[in-house]
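Here's the structure we're looking at; comments come further down.
The values are calculated or read from the model by the stated rules, or taken from the named source; none is laboratory data. From a predicted model like this one, the values you see are computed outputs, not experimental measurements. For neighbour counting, all protein chains shown are included, and Cβ atoms are generated from backbone atoms with ideal geometry for every residue, glycine included.
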Amino acid sequence: MIRYIARRLLMIIPVLIGVTFIVFSLTYISPGDPARMILPQDATDADIAHMRHLMGLDESFLMQYVHFLFGFKSPSEDSSFSYKGLLALDLGRSYVSNRPVFKTILERFPNTALLSLFALVLSVLLSIPAGIISATHQYSPSDMVVSVLSLLGLSMPAFWLGMILIWIFSVKLRIFPSLANPNNLKSLVLPVITLATMNTAVQARMTRSSMLEIIRQDYIRTARAKGLDEKKVIRKHALNNALIPVVTVIGLQVGQLLVGAVLTETVFSYPGIGTIMVDAIQRKDTPQILASVVFVAIVFALVNLVVDIVYAFIDPRIKAQYEGMTKGK
Amino acid sequence: MEQQMTSANLPVSGISTDRKRKSAFQEFWRRFRKNKLAVAGLAVVVLYILMAIFADLFYSYDFITQNQISNAFAKPLTRAEVDDGNTTVQHLYILGADNFGRDILGRIIHGARVSMVIGFTTIAFACIVGSALGAIAGYYGGKIESVIMRGTDILLAIPNILFALAIVAALGPSFQNLLLAIGITSIPAFVRLMRASVLTVKNQEFVEAARALGARDFRIIVRHIMPNCMAPIIVQATLGIAQSILSATSLSFLGLGIQPPSPEWGNMLSDARSYISYAPHTLLFPGLAIMTVILAYNLIGDGLRDALDPKLKR
Amino acid sequence: MFLKKFGTVALMLCASIVPLVAQTTLVVGQATDPIILDPPMYSDTPTHNVNLLIYDRLYDLSSDGKVVPGLAVDLPKIEENGTKYTIKIKSGVKFHNGQPLTIDDVIYSFQRGAFNDKSQMKSIFAMMYDVKKIDTYTFQFRTGFFDKSKAPANVQDSDLKSFEDRAKYYKPAAFGSQLNQLTWLGASIVSKATLEKAQQDGTLKDYGVTWAVGSGPFKFDSWKQGDSVTLVRNKDYHDSSIQTNVDKIVFKTIRDPSALKSAFLNKEVDLIMNVAPLDAREIEQAGGKILLTNGYFGYHYLGFNMKSPRVGQVNADGTPDMDGEYDLSSPSAKLRFAILYSINPSDIVNSPDIMDKRGKVTLQYVESLPFGHIDDPKGTRLEEGNLKTGYYNPTKAKELFASLPDSLKKPGLLKCTALSGSVFVKEALVIKDQVKRVLGVDLISIEQVALSELATRRSKSDPDVWDLIVNWTQTDDSYYIFVAFDGFNTSLLHDTKFYTKAAQEWIDKGNSLPNGPERNIAYQNAQKEVLKALPRVPLVAIMGISASQQNISGVFLSPSGSFMLDNVVKK
């Protein structure tokens, strides 16, 4: 098991290097000169060339990538142009706010994590019971309701749902604020619903279909044939097995939550990592874009790693399979 | 594994004749038809496609991009004068007008064109590129496979909208870049699916037979292996279109997609956001349009999955 | 009975404690965080609002645009044809950390604003040289230009890194706007001793981010990035005449305009600025107070890239023609005029989404200003237009357009740049639509760009990148010269790269004259010249819209649209 975890950990290193390289290349080719952002509009070409030199922008692509990973020492006396590199979680300062980019991210990430956590809990609490009821009462009205709602949930753009919720609950009924803030639990209600909807739908569908599959399997039939109470059969035999794929889906959903957060946070002006990213992109704040995309990719990769490991723990078959195999999935 | 083997033989077998192909299709259609929701989904998609093709018959592009400032935010079912350049005519705003006084229904209909184009081209691109890479990886194995699969892992390591966001941010917001961004981010799913399918098919008898007969690798992949892996790809493509439309509207909503005054649903919503309290109809209808079309694709996707292979049902 | 008495005592106790505990907190909602609380390093409105309270300047602008002394004792003594200034500052002023404020701090602040690598406000000090301390509270400086003939060939103006160095190579010249520019935030006074100490202990890089020291009526308290900046009252403020009962001001960042409005309607914030006109309607209906700037404080324009072969003027080999004369009968000039006559700015004014009638059509580049506003339209382009529909004249537009070669009639010929997500995109869309309708060809394609990219485009004016730009400029006096006409730095109307000799002469004259009627006439004549060749189409004049709750009084808007909160009272 430890070997498996170590192997899995080693595997994410090349992936992360690839990610950083792609993201760095993307920002490198993007138009717009960061030196001009810092300088006033009437700056001369000489001023700009000087500033580019101070910022290390006059060096080759590869050198800049090396700086990005391992740090950059600016020739300027002003130490704010220098940074220690991605490996030290220091990509310098935002061109806009002039603060260390990772500081901002680490300050705001807990907000996103909080929102995602609430959404995750809500979606699990709703989706698993709904999926089970739906499967055990196949073709009943409640199954229909769950199926239809989950299909709708799957098809609704999260940002639109958020705005509709704002319209109904903030503008019309004035029950919840339209502006979300981590210090005000009431204000989190709408964004959590918005963020949880898609996940709830996916998980409910997953629970339903894996339950259905297992209910039809032989050992469940045997259990039923033995005359066991139906509820017991579901609880004892079916559920445990059905939950394995559900756990995987939930794991994958954690990653999706981070993505959904970008849109949800924008709609509710929530101070999380999503709004950092959108702001940074709109303002061409390159260090901030780099840092936030790479940061989310790292979190995403780590979450997937944890899910894989948990998965291996839950399902002995997978574990055996992984340990026997030499190549990836 | 077992499931996929049976599925491989379902739609068309590698050595099938036309007649067999036909009957396989009929068999598929018979099953698909049984799923009423899927058929409804198909009907909706067909309706949207027709709308997209014949958009100009309902409203001219000029009309729906032309400002009528005096009618800004007209409520649904308002009748008002519009200026078509030379004369003023009476016009019924069925779903109301937006911030520039443009007809919302007309913009939704023309927006269908944009969304359909995005959905089909990005997925066609991703499907071709992804399947080819997946097939190569699965068929040849070895170094090529690890390179392709590590590349896929890297693409998958950045959440898709985020990656599309980064691409558009770098290249600048435009229609082509949007297609490129969504196309690229849709590739990995196809690579993985294709590779998995190829792995299950590649050692089967008919492939061995073709190889024994001296067929070239390319021919074997294209003629014998790919057709047998189509079922999951078709399902993925259908769901992929839904995902692609959703991504495009999301990017446009963030201001990084299609640029105004092109009618695009995400764009319309992005504008509407500022008028939630003032003109909710500008928010409501484009969102409904997105929702119905994505719902329809999801229904078709479900239906296809059931029809192509009942056991594939997830 | 006893209980009742006890209750009363308790109540009285509470009542006496409450005023000690309860603080009056004013909450100002802004769309973005300030950028940096270090005045010369950045200036946008949210940053302005905060910095105005933390820092003092030698002079301030009153709400009606007059220059009044701040830290200075009086208006400067100006001698030698307006090239030599002597200024005396108040004694006994202290920074928030207790350091005394002396003339050394003033000179240090100016030196920093003028020569620091990151300073955005170098233009304020661009003509200043020979800055000299006279005594602890008095200093002197001169204004002038870099004189090439005095300097060795290898020395450029940009190589000079101090006022003393400049003194060697500068020759005196008057600069009428110098005093106005000292009211700008970039000319705020920072503490020399404090910053020099910070330089040594390594905390300087966080200056303006995690700490800031000024001498203003409020002190920096804390900044939660993306959330709020908190200031507390400076009890030792030198000007005891200010009247405010506010102990604490929180600048709350609320990114989304509709959320900002909801927060205001729910009374979570006391003041908001840059209110969208549609929201202003709703706020008024809900009983909020709408505050407007005193007069029109800016104008929106459509700029032509004069280096573009399509709408500007280029030589046969494609290089920009900058000889100072424009051929107004060339096809590219005719296309400019065809576009001018196609545009009806009343659509922009009337659109509920853009101005909702809170603005007006303008025919000139300056609307309500002490200088440069053309009073007598006779013999100028102004005669061709009216204040209802601008220069709109479809017949004339079509006529001009018909006479153009086919190469200038292609759809998408003109690339128009506007700041992404801004109101200028909407205005560009209105213009695109109007041009398409009148001329029958969809000439304009719009590109939205981020602020940094916009800055690059404005400064380079690359004709391959853009032909048109929709933007705005403030038109307070000092801005007028710098931003609208960019008086001496590069060329006139710098983003359009427009240059005519005739206008330049008038501007140079205006720049060198002290405030007065003659200066006004010089700028008026300059504007008349510019309007002839038309590097910009004036569109609309705007007012800044802000909103306040009914219980707030004493708030003024500066001519540049910032809140002036020195005397704010919250009931």
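Inspect the stretch B:94-105 for any residue being in contact with an Asp or Glu (Cβ under 9 Å, 6 or more places away or on another chain) and part of a helix (DSSP H, G or I) and give the result as yes or no.
First pass over the stretch B:94-105, keeping only residues in contact with an Asp or Glu (Cβ under 9 Å, 6 or more places away or on another chain): B:94-100, B:104.
Restricting the remaining residues to those that are part of a helix (DSSP H, G or I) gives B:104.
The answer is yes, given that some residue of the stretch B:94-105 is in contact with an Asp or Glu (Cβ under 9 Å, 6 or more places away or on another chain) and part of a helix (DSSP H, G or I).
Quick one: is residue C:280 small (Gly, Ala, Ser), within 22 Å of the chain's Cα centre (by Cα) and more than 14 Å from chain A (Cβ to nearest Cβ)?
On the way: small (Gly, Ala, Ser): yes; within 22 Å of the chain's Cα centre (by Cα): no; more than 14 Å from chain A (Cβ to nearest Cβ): yes.
Criteria not met by residue C:280.
Consider residue C:67 carefully, then state whether it is more than 23 Å from residue C:37 (Cβ to Cβ) and in contact with a helix residue (DSSP H, G or I) (Cβ under 6 Å, 6 or more places away or on another chain). Working first, answer last.
Details: more than 23 Å from residue C:37 (Cβ to Cβ): yes; in contact with a helix residue (DSSP H, G or I) (Cβ under 6 Å, 6 or more places away or on another chain): yes.
Judged against the criteria, residue C:67 is a match.
If the Cβ limit is 7 Å and pairs must be 6+ apart or interchain, which residue in the stretch B:155-173 that is more than 7 Å from chain A (Cβ to nearest Cβ) and buried (at least 24 other Cβ atoms within 10 Å of the Cβ) pairs with which residue that is assigned to a helix (DSSP H, G or I) and β-branched (Val, Ile, Thr)?
Listed by first residue and then by second, the contacts come to B:163/B:185; B:164/B:182; B:164/B:185.
Give the residues of the stretch B:79-129 that are over 30 Å from the mean Cα position of the chain (by Cα) and aliphatic (A, V, I, L, M), sorted by residue number.
Selection gives B:80, B:82, B:89, B:92.
Which condition does residue A:31 not pass, out of (1) assigned to a helix (DSSP H, G or I); (2) within 14 Å of chain B (Cβ to nearest Cβ), if it passes all the others?
Condition (1) is where residue A:31 drops out.
Might you let me know whether the stretch A:197-213 holds any residue that is surrounded by fewer than 17 Cβ atoms within 10 Å (Cβ to Cβ), more than 14 Å from chain C (Cβ to nearest Cβ), part of a helix (DSSP H, G or I) and touching a helix residue (DSSP H, G or I) at 6+ places or on another chain (Cβ under 8 Å)? Steps first, answer last, please.
Our first condition is that a residue be surrounded by fewer than 17 Cβ atoms within 10 Å (Cβ to Cβ); within the stretch A:197-213, this holds for none.
No.
More than 14 Å from chain C (Cβ to nearest Cβ) and either part of a helix (DSSP H, G or I) or at pLDDT below 80 (or both), is that true of residue A:274?
Answer is no for this residue.
So which of B:282, B:292, B:249 ends up being at pLDDT 90 or above and more than 10 Å from chain A (Cβ to nearest Cβ)?
Only one candidate passes the filter, namely B:282.
May I ask you to verify whether residue C:42 is modelled with pLDDT of 90 or more, surrounded by 17 or more Cβ atoms within 10 Å (Cβ to Cβ) and at negative phi? Even if it seems obvious, please write down each step before you answer.
Working: modelled with pLDDT of 90 or more: no; surrounded by 17 or more Cβ atoms within 10 Å (Cβ to Cβ): yes; at negative phi: yes.
Taking the combined requirement at face value, the residue does not satisfy it.
Can you pull out the residues in the stretch A:128-146 that are crowded, with 21+ Cβ neighbours inside 10 Å and not polar (S, T, N, Q)?
Step one: of the stretch A:128-146, the residues crowded, with 21+ Cβ neighbours inside 10 Å are A:128, A:130-132, A:134-135, A:146.
Listed by number, the residues that qualify are A:128, A:130, A:131, A:132, A:135, A:146.
Determine which single condition residue C:230 fails, assuming it passes every other condition in (1) in contact with a strand residue (DSSP E or B) (Cβ under 6 Å, 6 or more places away or on another chain); (2) within 25 Å of residue C:356 (Cβ to Cβ); (3) surrounded by fewer than 22 Cβ atoms within 10 Å (Cβ to Cβ).
Of (1) in contact with a strand residue (DSSP E or B) (Cβ under 6 Å, 6 or more places away or on another chain); (2) within 25 Å of residue C:356 (Cβ to Cβ); (3) surrounded by fewer than 22 Cβ atoms within 10 Å (Cβ to Cβ), only one is false for residue C:230: (2).
Suppose we filter the stretch C:47-94 for residues that are part of a strand (DSSP E or B) and not aromatic (Phe, Trp, Tyr); how many remain? Don't jump to the end; show me each part of the working.
Our first condition is that a residue be part of a strand (DSSP E or B); within the stretch C:47-94, this holds for C:59-61, C:67-69, C:72, C:77-79, C:84-89, C:94.
With not aromatic (Phe, Trp, Tyr) added as a condition, the list becomes C:60-61, C:67-69, C:72, C:77-79, C:84, C:86-89, C:94.
Result for the stretch C:47-94: 15.
Which residue pairs have Cβ atoms closer than 7 Å, lie 6 or more positions apart in sequence or on different chains, and pair a first residue in the stretch B:50-73 that is within 12 Å of chain C (Cβ to nearest Cβ) with a second residue that is among the aliphatic types (A, V, I, L, M) and assigned to a loop (DSSP other than H, G, I, E, B)?
Here the result reads B:73/B:279, each pair linking the stretch B:50-73 to a residue that is among the aliphatic types (A, V, I, L, M) and assigned to a loop (DSSP other than H, G, I, E, B).
Please enumerate the residues belonging to the stretch A:35-48 that are touching a helix residue (DSSP H, G or I) at 6+ places or on another chain (Cβ under 8 Å) and either surrounded by fewer than 19 Cβ atoms within 10 Å (Cβ to Cβ) or at pLDDT 85 or above (or both).
Step one: list which residues in the stretch A:35-48 are touching a helix residue (DSSP H, G or I) at 6+ places or on another chain (Cβ under 8 Å), which gives A:35-44, A:46-48.
Passing the criteria: A:41, A:42, A:44, A:46, A:47, A:48.
Pick from A:294, A:307, A:246, A:262: which is crowded, with 19+ Cβ neighbours inside 10 Å, within 14 Å of chain C (Cβ to nearest Cβ) and either closer than 30 Å to residue A:208 by Cα or of a type in the set (A, V, I, L, M) (or both)? Talk me through it step by step, then tell me what you get.
Numbers: A:294 fails: within 14 Å of chain C (Cβ to nearest Cβ); A:307 fails: within 14 Å of chain C (Cβ to nearest Cβ); A:246 fails: within 14 Å of chain C (Cβ to nearest Cβ).
Being crowded, with 19+ Cβ neighbours inside 10 Å, within 14 Å of chain C (Cβ to nearest Cβ) and either closer than 30 Å to residue A:208 by Cα or of a type in the set (A, V, I, L, M) (or both) holds for just one of A:294, A:307, A:246, A:262, which is A:262.
In the stretch C:97-135, which residues are among the small types (Gly, Ala, Ser) and either assigned to a strand (DSSP E or B) or within 14 Å of chain A (Cβ to nearest Cβ) (or both)?
Keep residues of the stretch C:97-135 that are among the small types (Gly, Ala, Ser), which gives C:98, C:109, C:113-114, C:119, C:123, C:126.
Across the stretch C:97-135, the qualifying residues are C:113, C:114, C:119, C:123, C:126.
Assuming residue C:308 fulfils every condition listed in (1) within 14 Å of another protein chain (Cβ to nearest Cβ); (2) hydroxyl-bearing (Ser, Thr, Tyr); (3) farther than 22 Å from residue A:175 by Cα apart from one, which condition is it?
Single failed check for residue C:308: (1).
Just for the stretch C:142-199: of the residues that are touching a residue at least 60 places away in the same chain (Cβ under 8 Å), polar (S, T, N, Q) and away from every other protein chain (no Cβ under 14 Å), which one is nearest to residue C:508 (Cα to Cα)?
My answer is C:177.
Being over 25 Å from residue B:168 (Cα atoms), away from chain B (no Cβ under 14 Å), at pLDDT 80 or above and out of contact with any His (no Cβ under 6 Å at 6 or more places or on another chain), is that true of even one residue in the stretch A:52-67? I'd like the intermediate steps shown before the answer.
From the stretch A:52-67, those over 25 Å from residue B:168 (Cα atoms) are A:53-54; that's our starting set.
So of that shortlist, the ones also away from chain B (no Cβ under 14 Å) come out as A:53-54.
Filter once more, keeping what is at pLDDT 80 or above: A:53-54.
Checking the rest, the ones that are also out of contact with any His (no Cβ under 6 Å at 6 or more places or on another chain) come to A:53-54.
Yes: the stretch A:52-67 contains one or more residues that are over 25 Å from residue B:168 (Cα atoms), away from chain B (no Cβ under 14 Å), at pLDDT 80 or above and out of contact with any His (no Cβ under 6 Å at 6 or more places or on another chain).
Is it true that residue C:299 is in contact with an Asp or Glu (Cβ under 8 Å, 6 or more places away or on another chain), over 30 Å from residue C:410 (Cβ atoms) and not basic (Lys, Arg)?
On the way: in contact with an Asp or Glu (Cβ under 8 Å, 6 or more places away or on another chain): yes; over 30 Å from residue C:410 (Cβ atoms): yes; not basic (Lys, Arg): yes.
Considered against the rule, which asks whether it is in contact with an Asp or Glu (Cβ under 8 Å, 6 or more places away or on another chain), over 30 Å from residue C:410 (Cβ atoms) and not basic (Lys, Arg), residue C:299 comes out as yes.
For the stretch C:52-108, how many residues are under 12 Å from residue C:215 (Cβ atoms) and either in contact (Cβ under 8 Å) with a residue 12 or more places away in the chain or surrounded by 21 or more Cβ atoms within 10 Å (Cβ to Cβ) (or both)? Outline the logic, then answer.
Here is the first cut: in the stretch C:52-108, the ones under 12 Å from residue C:215 (Cβ atoms) are C:53-58, C:70-71, C:89-90, C:92-102, C:105-106.
Going one step further and asking which of them are either in contact (Cβ under 8 Å) with a residue 12 or more places away in the chain or surrounded by 21 or more Cβ atoms within 10 Å (Cβ to Cβ) (or both), we end up with C:53-58, C:70-71, C:89-90, C:92-97, C:99, C:101-102, C:105-106.
The total comes to 21.
Let's see how each residue does on (1) touching a Pro at 6+ places or on another chain (Cβ under 9 Å); (2) within 30 Å of residue B:241 (Cα to Cα):
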site	(1), (2)
A:77	no, no
A:92	yes, no
A:111	yes, no
A:150	no, yes
A:183	no, no
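I'd like to know if the stretch C:365-383 contains one or more residues that are closer than 27 Å to residue B:258 by Cβ, surrounded by fewer than 19 Cβ atoms within 10 Å (Cβ to Cβ) and under 28 Å from the mean Cα position of the chain (by Cα). Working first, answer last.
Quick first cut of the stretch C:365-383, residues closer than 27 Å to residue B:258 by Cβ only: none.
Among the residues of the stretch C:365-383, not one is closer than 27 Å to residue B:258 by Cβ, surrounded by fewer than 19 Cβ atoms within 10 Å (Cβ to Cβ) and under 28 Å from the mean Cα position of the chain (by Cα), which makes the answer no.
Could you tell me which numbered condition residue A:193 fails, if it satisfies all but one of (1) in contact (Cβ under 8 Å) with a residue 40 or more places away in the chain; (2) surrounded by fewer than 23 Cβ atoms within 10 Å (Cβ to Cβ); (3) within 12 Å of another protein chain (Cβ to nearest Cβ)?
The failed condition is (3).
Scanning the stretch C:525-548 for residues that are of a type in the set (S, T, N, Q) and either crowded, with 24+ Cβ neighbours inside 10 Å or closer than 29 Å to residue C:57 by Cβ (or both), which turns out farthest from the chain's Cα centre (by Cα)?
So the first thing to find is which residues in the stretch C:525-548 are of a type in the set (S, T, N, Q), and the list is C:525, C:527, C:546, C:548.
Next cut, either crowded, with 24+ Cβ neighbours inside 10 Å or closer than 29 Å to residue C:57 by Cβ (or both) only: C:527, C:546, C:548.
Working: C:527: 20, C:546: 16, C:548: 22 Å.
Taking the candidates together, the pick is C:548.
Those residues that are within 8 Å of chain B (Cβ to nearest Cβ) and touching a residue at least 12 places away in the same chain (Cβ under 8 Å), I need them from the stretch A:13-24; list them, please. Walk me through how you get there before you give the answer.
Step one: list which residues in the stretch A:13-24 are within 8 Å of chain B (Cβ to nearest Cβ), which gives A:14-16, A:18-19, A:22-23.
Scanning the stretch A:13-24 gives A:15, A:16, A:19, A:23.
Take residues that are of a type outside the set (A, V, I, L, M, F, W, C) and tell me which of the helices (runs of 4 or more DSSP H) falling wholly in the stretch B:111-202 contain 2 or more. If you could, list the steps in order and put the result at the bottom.
Values: elements: B:142-157, B:160-171, B:175-201.
Hits in the stretch B:111-202: B:142-157, B:175-201.
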